[in-house]
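Just below is one structure, and these are the notes that go with it.
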Amino acid sequence: MPDERLSEMIRTHLFETPDEDSAQALAADLALRGHRFVRSHPHEGRWRLESLVDEEAPGPEAEFGQAAHEAAATGALARGHGGHRRGEMIAHRRTALMHREDDADDAASARAIRREVVARFPATVKPPEPTDPLATRAGSYRPLFEVLRTVATADSWWRTTDADAFAGSSETELVFELHDTFMHQGSCYDHTAREVPLIAALAAHDDVRPALRATLVDFLFLAATAGRRFAAADTDRRDSLGLSQDEDAEERSAREAVEASAPALLARWDDESEAVCFALALLAAACPRQGRHLAGEITAWAESEGDSPRSTMLRLAAALAADSPELEAVLAGALAEGFGRAPANPAEPAEGTALGLLEEWAERELSMVLETL
């Protein structure tokens with residue numbers, strides 16, 4: 001009979017180090033944490049490792065929390081050996097152990113070590129969630145596809161007969177199709193900056209529903225912050241490989257295009273619904289030179305929300321918009337409340353980490369808004 005305490009999913013952890021000696025040292029450290037099947041091999045002048053963690057967990061929530069703590073701990077180990085954590089692969093127990101010669105005594109010993117390791121993990125703080133959707137505004141609005149045709153330039157693909165296929169799509173489907181063509185899988189491409197004026201024109205059009213307008217402004221926030229968010233999340237790897245922490249050319253062009261479009265949108269603050277103002281607070285955070293004048297308004301809104309998760313995120317947006325020296329303190333408070341992960345690498349920039357937290361929170365807030373359509 002299977003042991004119900006064992007985690008349903010097994011994680012294979014992936015690492016990279018500069019050389020064989022550092023790979024062997026990291027492998028030894030992983031074994032001391034109860035990692036099994038630790039293997040290493042040379043790869044393009046460096047060394048790659050993988051290891052498997054098979055442990056007990058009382059349920060899916062605890063399993064997820066344990067995995068997050070282990071990722072942070074092993075990332076620090078890899079960094080200490082001049083390397084970095086490359087990520088993990090997750091598979092069901094049977095799949096993960098397939099084709100492996102499993103030694104029962106070795107498995108039992110590793111699980112005993114894991115129990116000791118897990119017992120030292122700090123308590124996992126459950127991430128905050130929005131409690132109620134941001135308010136929108138009732139009114140009569142044209143279908144989004146019609147407005148899109150209106151604002152698209154003559155040479156835009158959205159004015160071609162091929163785009164007619166989307167005429168019958170729901171507005172939610174259409175807005176996310178726009179995102180996919182604008183920033184496929186959340187990354188910036190050479191065409192992203194060129195598409196910014198279209199997204200901005202849609203977001204500024206009075207015939208677009210507030211829920212959709214808020215989502216479109218959020219797309220601009222994502223484009224303007226991609227380079228900074230990615231650099232923060234990728235600090236270990238870039239440090240280990242000696243890579244630049246700067247935006248790449250596509251990310252920089254997208255940010256500059258959003259900065260050029262931001263003033264006209266930010267000027268709508270006094271006339272917009274709550275949902276759109278939340279997205280504009282994100283845009284001000286992404287473009288502090290253009291959004292600094294709204295920092296006070298965002299702070300006042302945060303104070304009106306009392307002791308709530310939304311208030312915490314608005315305070316973070318205000319600190320970014322004001323380019324405030326208090327950003328690190330506000331960020332530390334948000335992390336203590338369970339918003340996202342604390343930076344494992346001290347070199348991780350506070351700005352990029354904070355923008356990443358806003359991205360995650362905005363997804364939850366704005367998905368609730370779209371559900372009201």
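The values are calculated or read from the model by the stated rules, or taken from the named source; none is laboratory data. Just so we're clear, the structure is a prediction, and the values are computed from it rather than from any experiment. Note that each Cβ is placed from the backbone with ideal geometry, even for glycine, and that neighbours are counted across all protein chains shown. Calculation scope for accessible area: heavy atoms of the full protein, side chains included, ligands and nucleic acids excluded. Shrake-Rupley method; radii C 1.70, N 1.55, O 1.52, S 1.80 Å.
L241 meets the stated requirement of being surrounded by fewer than 17 Cβ atoms within 10 Å (Cβ to Cβ) and either in contact (Cβ under 8 Å) with a residue 24 or more places away in the chain or under 24 Å from L212 (Cβ atoms) (or both). Total residues in the range 77-94 satisfying the condition of being in a helix (DSSP H, G or I) and either touching a helix residue (DSSP H, G or I) at 6+ places or on another chain (Cβ under 9 Å) or without any contact (Cβ under 8 Å) to a residue 40 or more places away in the chain (or both): the figure is 5. Scoring E348 on the criteria (1) open to solvent by less than 40 Å² (accessible area, probe 1.4 Å); (2) in a helix (DSSP H, G or I); (3) farther than 26 Å from H205 by Cβ leaves a single failure, condition (2). Scanning the range 81-103 for residues that are farther than 20 Å from H43 by Cβ and either exposed (fewer than 14 other Cβ atoms within 10 Å of the Cβ) or touching a Gly at 6+ places or on another chain (Cβ under 9 Å) (or both) turns up I90, H92, R94, T95, M98, H99, R100, E101, D102, D103. In the set (1) within 18 Å of C188 (Cβ to Cβ); (2) open to solvent by less than 10 Å² (accessible area, probe 1.4 Å), E256 fails one condition alone, (2). Is it fair to say D29 is surrounded by 12 or more Cβ atoms within 10 Å (Cβ to Cβ), at pLDDT 95 or above and assigned by the TED database to the domain that holds S109? In short, yes. Only one of the numbered conditions (1) at pLDDT 95 or above; (2) part of a loop (DSSP other than H, G, I, E, B) is not met by D132, and that is (1). If the condition is being out of contact with any helix residue (DSSP H, G or I) (no Cβ under 6 Å at 6 or more places or on another chain) and in contact (Cβ under 8 Å) with a residue 24 or more places away in the chain, then the range 27-51 contributes A27, L30, L32, H35, F37, H43, R46, R48, E50. State whether one or more residues within the range 173-180 are closer than 27 Å to A362 by Cα, open to solvent by 80 Å² or more (accessible area, probe 1.4 Å) and touching a helix residue (DSSP H, G or I) at 6+ places or on another chain (Cβ under 7 Å). Within the range 173-180, not a single residue is closer than 27 Å to A362 by Cα, open to solvent by 80 Å² or more (accessible area, probe 1.4 Å) and touching a helix residue (DSSP H, G or I) at 6+ places or on another chain (Cβ under 7 Å).
Conditions first: (1) part of a loop (DSSP other than H, G, I, E, B); (2) open to solvent by 50 Å² or more (accessible area, probe 1.4 Å); (3) of a type outside the set (V, I, T). S169 passes all but one, so which condition is the exception? Single failed check for S169: (2).
Residues in the range 227-253 that are touching a Leu at 6+ places or on another chain (Cβ under 9 Å) and either under 27 Å from T136 (Cβ atoms) or part of a loop (DSSP other than H, G, I, E, B) (or both): R229, D234. Could you tell me whether T153 is surrounded by 15 or more Cβ atoms within 10 Å (Cβ to Cβ), touching a Leu at 6+ places or on another chain (Cβ under 8 Å), in contact (Cβ under 8 Å) with a residue 24 or more places away in the chain and assigned by the TED database to the domain that holds A211? Taking the combined requirement at face value, the residue does not satisfy it. The condition of being assigned to a helix (DSSP H, G or I) and under 21 Å from the mean Cα position of the chain (by Cα) holds for L316.
Among the conditions (1) open to solvent by less than 80 Å² (accessible area, probe 1.4 Å); (2) within 23 Å of D206 (Cα to Cα), E146 misses just one, which is (1). Looking across the range 52-68, the residues that are out of contact with any helix residue (DSSP H, G or I) (no Cβ under 8 Å at 6 or more places or on another chain) and open to solvent by less than 50 Å² (accessible area, probe 1.4 Å) come down to G59, A62, E63, G65, A67. Candidates are the residues of the range 261-292 that are out of contact with any helix residue (DSSP H, G or I) (no Cβ under 8 Å at 6 or more places or on another chain), in a helix (DSSP H, G or I) and without any contact (Cβ under 8 Å) to a residue 40 or more places away in the chain; the one that is surrounded by the most Cβ atoms within 10 Å (Cβ to Cβ) is D271.
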